[in-house]
Amino acid sequence: MINEEEVKHVAELARLELTDEELSTFSKQLNDVIDYFKMLDEVKTDNVEPSFHPLRTENRLREDETGKCLDRKKVLETAVHSENEYFKAPRIT
């Protein structure tokens, strides 16, 4: 059972200022959470395999394949700024 003094102590460690009403509210809420976990402890999970993700995940990436490239000169002709066969962009600092 978590009491208001424990909530106050944790709040002080976290540099939080709580009112007496908040201490009472948080104490009750934390005890409700702990009671809920106690209920979960009662669930029989002997034959349940552990899972790390609630949904089945699959790798949907395709294999890399070479293809036809764009012509460098044509691409650079459409660029707003280019220099020495490269795109030119503003310096990021």
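Derivation of every value follows stated rules applied to the coordinates shown; laboratory data play no part. Fair warning: this is a prediction, and the values are worked out from it, not measured in the lab. Cβ sites come from the backbone with ideal geometry, for glycine too, and all protein chains shown count toward neighbours.
Considering only L16, G67, P50, and ranking their Cα positions along the charge dipole of the chain that arises from unit charges at the beta-carbon of Lys, Arg, Asp and Glu, the one farthest toward the positive end is G67. The angle between the Cα long axis of helix 4-13 and the main principal axis of the chain comes to about 30°, on a 0 to 90 degree scale. When the alpha carbon gyration tensor of the chain is reduced to an equivalent ellipsoid, its three semi-axes come out at 59, 30, 9 angstrom, largest first. Modelled spin labels at R56 and T19, positioned 7 Å past Cα toward Cβ, are 5.2 nm from each other.
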